[in-house]
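Notes to accompany the following structure.
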Amino acid sequence: MFDLSSIGLAWGSLLMLVMLIGLLLTGMQLAFVSGFVAIFFTLFWFGPEAMPLIASRTYSFASGYVFLAVPMFVLMAALLDRSGIAKDLFDAMKSLGRKVRGGVAVQTILVAVLLASMSGVIGGETVLLGILALPQMLRLGYDRKLAIGTTCAGGALGTMLPPSIVLIIYGMTASVSIGDLFKASFLPAFILAACYIAYVLIRCKLNPSLAPIPSDSGEEEEPQVSYFKALFFPLFSVAVVLGSIYTGVASVTEASALGVVGIMLSAIVRGEMNRSMLKESAIATMRTCGMIMWIGIGASALVGIYNLMGGIDFVEQVILSLSGGSAIGTLLIMMVILLVLGMFLDWVGVALLTMPIFVPIITGLGFDPIWFGVVFCLNMQVSFLSPPFGPAAFYLKSVAPKDISLGEIFTSLLPFIALQVFVLSLVIIFPELAMWWQ
C-alpha cells in the first residue's frame with residue numbers, strides 16, 4: 001500500500017483540501033465527503049490498523065450527553081412551527097406596529113427575539129416570519145427591501161440567542177460550558193437586535209415613505225387577540241428553558257426536555273395538540289438531527305485524523321506566520337476563514353471542521369474560549385445572510401411572494417450584514433460585552 005505520509009504534512013494538507021473541494025463540487029453531501037476523505041487518509045497515511053481510531057472518535061461525538069439537548073430544542077422548534085403560538089404572538093403586538101412609523105418591522109424583530117428564545121433554530125423562525133410578517137408589511141406599503149431584510153435578518157437571530165443550537169454544537173466541540181456560552185451570548189444578541197431596531201426606526205424617521213402608518217395608508221384597525229393567550233405561553237416557555245438554566249435548577253440538557261414539555265403543555269391547553277402535529281414534528285426533528293449527526297460523524301473523523309497527522313501544529317504555524325505572530329492578526333485571519341467557509345458550507349460543518357483546530361490555538365494565545373464562542377456565533381450570523389448560499393435567504397425565498405427574487409433578498413440583507421459585522425467588531429474590541437457575567 002502506498003505510504004501517503006512520505007509527501008509531507010504541507011502537501012498532505014493541500015491534497016486533503018483539494019479532495020474536499022473537488023468532492024463537494026460533485027454535489028456529494030459534506031457528511032459523506034468528510035467521512036470518505038477521513039477513511040482515505042487513515043488508510044494511506046497510517047495504514048488499516050488505524051481504522052479503529054475513526055470508530056472511537058465518532059463514538060465519542062455521538063455519545064456525548066450534552067448532544068441530547070439538540071433533538072429536544074429542534075423538537076421545540078418543530079412544535080412551535082406547527083402551533084398557533086407564533087401567529088397569536090405576532091397578532092397581539094399589532095397595536096405597537098400600528099402606532100409607530102416602522103412599528104410593524106420593529107414588532108417583527110421583537111417577535112423574532114421571543115421565537116429565538118424558545119427554539120434556537122433559525123429555519124423555522126425565518127419561515128414563520130416570512131409567512132406572518134412579510135405579507136403584512138408589503139400590504140401596508142412598506143419598502144420592499146426594508147420588509148425583506150427585517151424579516152430575514154430577524155429570523156436568523158436564533159443563531160445568537162440562547163438556547164442556540166450553534167452554541168450547543170460549539171460547546172460540545174470546544175469542551176466548554178454551554179450554560180456559560182448562553183450567558184455570554186445574551187448581551188451581544190440583544191445588542192444586535194437593538195441595532196436592527198435602531199436602523200429601522202432611523203431610516204423610517206429620515207424617509208417616512210419607507211413605512212406608512214396604517215392610518216396613512218387607509219388600513220382599518222384589526223380586532224385584537226387575547227393578550228393573555230398570546231403572551232403567556234411564549235413567556236412561559238422562555239422562562240422554563242432559560243430560567244432553569246440561569247438559576248442552576250437544570251442543566252442545558254435537562255432544560256431542553258423541560259422546554260419540550262412546556263411547548264407541548266401550551267399546545268394542549270390551546271387545543272392544538274393532536275397526533276398528526278406530534279408525528280410531523282417528530283419526523284422533522286429526526287431529519288434535522290440526522291443531518292447534524294452525519295455531518296458530525298464525518299467531520300469528527302476527519303478532524304481526528306488530521307490532528308493525528310500533526311495538523312493543529314501545522315495550521316497554527318501557517319496562521320501565525322501569516323499574521324506575523326500577532327494574536328489579533330491571528331484572530332482576524334480566523335474570522336476571514338470562517339466568513340469564507342460560511343458562504344459555502346453549512347454552519348454545522350464549519351463548526352465541527354474548524355473549531356477543534358482553532359480553539360486550541362485561541363486558548364494558546366490567551367483568549368477565552370467562551371468569548372471566542374460568541375465571536376464564532378456572530379460570524380455564523382453573517383454567513384446565514386451572506387451570498388451566494390446564505391441559508392436564511394433560501395428559507396425566506398421558499399415562502400416569499402413569487403415576484404421576490406433571491407437576488408433581491410440578498411440585496412435587501414446588505415445593511416443588516418453591515419450591522420452584524422459592526423457588532424462582531426464591537427465584541428472583538430470590547431470582550432467584556434460577552435464576559436459581563438463573570
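The values are calculated or read from the model by the stated rules, or taken from the named source; none is laboratory data. Note that this is a predicted model, so its numbers are computed, not measured. Positions of Cβ are generated from backbone atoms using ideal geometry, with glycine treated the same way; all protein chains shown enter the neighbour counts. Note: areas computed on protein heavy atoms with side chains; ligands, DNA, RNA excluded. Shrake-Rupley method; radii C 1.70, N 1.55, O 1.52, S 1.80 Å.
Scanning the stretch 115-125 turns up at least one residue that is outside any helix (DSSP H, G or I), within 22 Å of Y246 (Cβ to Cβ), open to solvent by 10 Å² or more (accessible area, probe 1.4 Å) and modelled with pLDDT under 85.
Residues to consider are L320, L308, L332; find the one that is closer than 24 Å to I168 by Cα and either open to solvent by 20 Å² or more (accessible area, probe 1.4 Å) or out of contact with any Phe, Trp or Tyr (no Cβ under 6 Å at 6 or more places or on another chain) (or both). Unique residue meeting the criteria: L332.
Tally up the residues in the stretch 269-312 that are part of a helix (DSSP H, G or I) and either more than 30 Å from K87 (Cβ to Cβ) or among the hydroxyl-bearing types (S, T, Y) (or both), please. Number satisfying all stated conditions: 22. Checking the stated criteria, F394 turns out not to satisfy the condition of being open to solvent by 30 Å² or more (accessible area, probe 1.4 Å) and modelled with pLDDT of 95 or more.
Enumerate the helices (runs of 4 or more DSSP H) found wholly within the stretch 1-85, keeping only those where 1 or more residues are open to solvent by less than 20 Å² (accessible area, probe 1.4 Å). Explain how you work it out, then say what you get.
Details: elements: 9-25, 30-41, 52-62, 69-82.
Counting at least 1 such residues, we get 9-25, 30-41, 69-82.
Yes or no, residue by residue, for (1) in contact with a His (Cβ under 6 Å, 6 or more places away or on another chain); (2) part of a helix (DSSP H, G or I); (3) at pLDDT 90 or above:
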position: G179; (1), (2), (3): no, yes, no
position: L192; (1), (2), (3): no, yes, yes
position: R203; (1), (2), (3): no, yes, yes
position: I213; (1), (2), (3): no, no, no
position: P223; (1), (2), (3): no, no, no
position: V238; (1), (2), (3): no, yes, no
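M343 passes every criterion in (1) out of contact with any Ser or Thr (no Cβ under 7 Å at 6 or more places or on another chain); (2) surrounded by fewer than 18 Cβ atoms within 10 Å (Cβ to Cβ) apart from (1).
Yes/no per residue for (1) open to solvent by less than 10 Å² (accessible area, probe 1.4 Å); (2) within 18 Å of C377 (Cα to Cα); (3) touching a helix residue (DSSP H, G or I) at 6+ places or on another chain (Cβ under 7 Å); (4) not hydroxyl-bearing (S, T, Y):
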| site | (1), (2), (3), (4) |
| --- | --- |
| T108 | yes, no, yes, no |
| I148 | yes, no, yes, yes |
| Y170 | yes, yes, yes, no |
| L181 | yes, yes, yes, yes |
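Pairs are defined by a Cβ separation below 6 Å, a sequence spacing of at least 6 or placement on different chains, a first member in the stretch 348-374 that is in contact (Cβ under 8 Å) with a residue 60 or more places away in the chain and farther than 21 Å from I295 by Cβ, and a second member that is part of a helix (DSSP H, G or I) and open to solvent by 10 Å² or more (accessible area, probe 1.4 Å); the pairs so defined are P369/A174; P369/V359; P369/T363; I370/D180; W371/P431.
This table checks each residue for (1) of a type in the set (A, V, I, L, M); (2) over 16 Å from S34 (Cβ atoms).
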site	(1), (2)
E316	no, yes
M334	yes, yes
M343	yes, yes
L352	yes, no
L365	yes, yes
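In the stretch 242-266, which residues are touching a residue at least 60 places away in the same chain (Cβ under 8 Å), of a type in the set (S, T, N, Q) and assigned to a helix (DSSP H, G or I)? T253, S256, S266, listed by residue number.
Of all residues in the stretch 378-388, none satisfies being among the hydrophobic types (A, V, I, L, M, F, W, C) and open to solvent by 20 Å² or more (accessible area, probe 1.4 Å).
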